[in-house]
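Everything below concerns the one structure shown next.
The values are calculated or read from the model by the stated rules, or taken from the named source; none is laboratory data. Model, not experiment: these values are computed from the prediction. Glycine also receives a Cβ, built like all others from the backbone with ideal geometry; neighbour counts cover every protein chain displayed.
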Amino acid sequence: MNGKSMHWVSGLAVLGIAVGLTAGFAVAGAAQSVSGKAYSTYVNTPLGSSGYSPLAVLPPVSGTDGAEADAAGSALNVAGALSSDFLNSITSGELGTTESGAQSTASAASVNILNGLITADEVVANVMSSVIQDGAFSNADGSTFTNLVVAGVPITSGDAAVAPNTSTTLPGVGYVVLNEQIPSGDGVTSSGLTVNMIHVYLQSLTGATCVLGVCTPGALTNTGEIIVGSATSGVAR
């Protein structure tokens, strides 16, 4: 189901990799490092798990080299949890001694989560990180949803972005975070960013007890998660 050829991915992401990661890296100064990871889907539920599919991880980069990893899958179907088509992920980095960059992109089409509770025609996660003499930076420009619907409510019409870390309760299920962004680094010598476009946190009530008429309320506990469109990039010097 997974391959090693890149046959379908956002044109914006490809352009960013081709242009942003190959532009002039200097050859004097401190050593640099780059990292990246991307995957289209991840499923871990009480009913079963599919793990990561497909997964691309940036291989070691040395000297002033560049590197790229990609993976693709035609479709994924985890009964009752997730179905999607055209899964693709790619991560790429270029290393210089004073300037370096990394970019990761993950995409999926025809997304259907929890039997239609969340649907989207297309999900694209895209992150870029760079370090130059003036500092280190990351962004998630180019990360979009196409016709995203959550619990019957349209969130986007056509291709659109959603504000970072938008959280919505899913009664009886848990909650979902849209365009979840997790930054790292100090912004001076290092920077990194992980974006999970759809991150469903599955929850159940545990610990509720009643003894001799005294009842103790339970607490919501995470029991699993579903992720669609995850990309990570990082740079450091």
Any hit, segment 64-74, residues being in contact (Cβ under 8 Å) with a residue 60 or more places away in the chain and surrounded by 23 or more Cβ atoms within 10 Å (Cβ to Cβ): yes
In segment 87-121, residue surrounded by the fewest Cβ atoms within 10 Å (Cβ to Cβ) [restricted to those that are among the acidic types (Asp, Glu) and part of a strand (DSSP E or B)]: 121
Answer residue from segment 37-58, given it is hydrophobic (A, V, I, L, M, F, W, C) and under 23 Å from residue 101 (Cβ atoms) and is surrounded by the most Cβ atoms within 10 Å (Cβ to Cβ) among those: 38
Residues located in segment 228-237, provided they are surrounded by fewer than 24 Cβ atoms within 10 Å (Cβ to Cβ) and part of a strand (DSSP E or B): 236
Selection count, segment 25-54, where residues are at pLDDT below 85, among the aromatic types (Phe, Trp, Tyr) and within 30 Å of residue 110 (Cβ to Cβ): 0
Residue 212 vs. criteria over 12 Å from the mean Cα position of the chain (by Cα) and within 18 Å of residue 76 (Cβ to Cβ): no
Test: residue 141 is assigned to a strand (DSSP E or B) and of a type in the set (D, E, K, R): no
Residue in segment 190-201 that is over 22 Å from residue 40 (Cα atoms), in contact with a strand residue (DSSP E or B) (Cβ under 7 Å, 6 or more places away or on another chain) and part of a loop (DSSP other than H, G, I, E, B) present: no
Meets criteria (at pLDDT 95 or above and either more than 19 Å from residue 84 (Cα to Cα) or surrounded by 15 or more Cβ atoms within 10 Å (Cβ to Cβ) (or both)) for residue 217: no
Matching residues, segment 91-145, being β-branched (Val, Ile, Thr) and either in contact with a strand residue (DSSP E or B) (Cβ under 6 Å, 6 or more places away or on another chain) or on the phi > 0 side of the Ramachandran plot (or both): 91, 105, 111, 113, 118, 119, 123, 124, 127, 131, 144
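For residue 167, state whether it is at pLDDT 95 or above, within 27 Å of residue 52 (Cβ to Cβ) and part of a strand (DSSP E or B). Don't jump to the end; show me each part of the working.
Values: at pLDDT 95 or above: yes; within 27 Å of residue 52 (Cβ to Cβ): yes; part of a strand (DSSP E or B): yes.
Considered against the rule, which asks whether it is at pLDDT 95 or above, within 27 Å of residue 52 (Cβ to Cβ) and part of a strand (DSSP E or B), residue 167 comes out as yes.
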Residue match in segment 155-167 (condition: of a type in the set (Ser, Thr, Tyr), under 15 Å from the mean Cα position of the chain (by Cα) and farther than 22 Å from residue 37 by Cα): yes
Output for segment 134-178, where each listed residue is over 18 Å from residue 193 (Cβ atoms), crowded, with 18+ Cβ neighbours inside 10 Å and small (Gly, Ala, Ser): 174
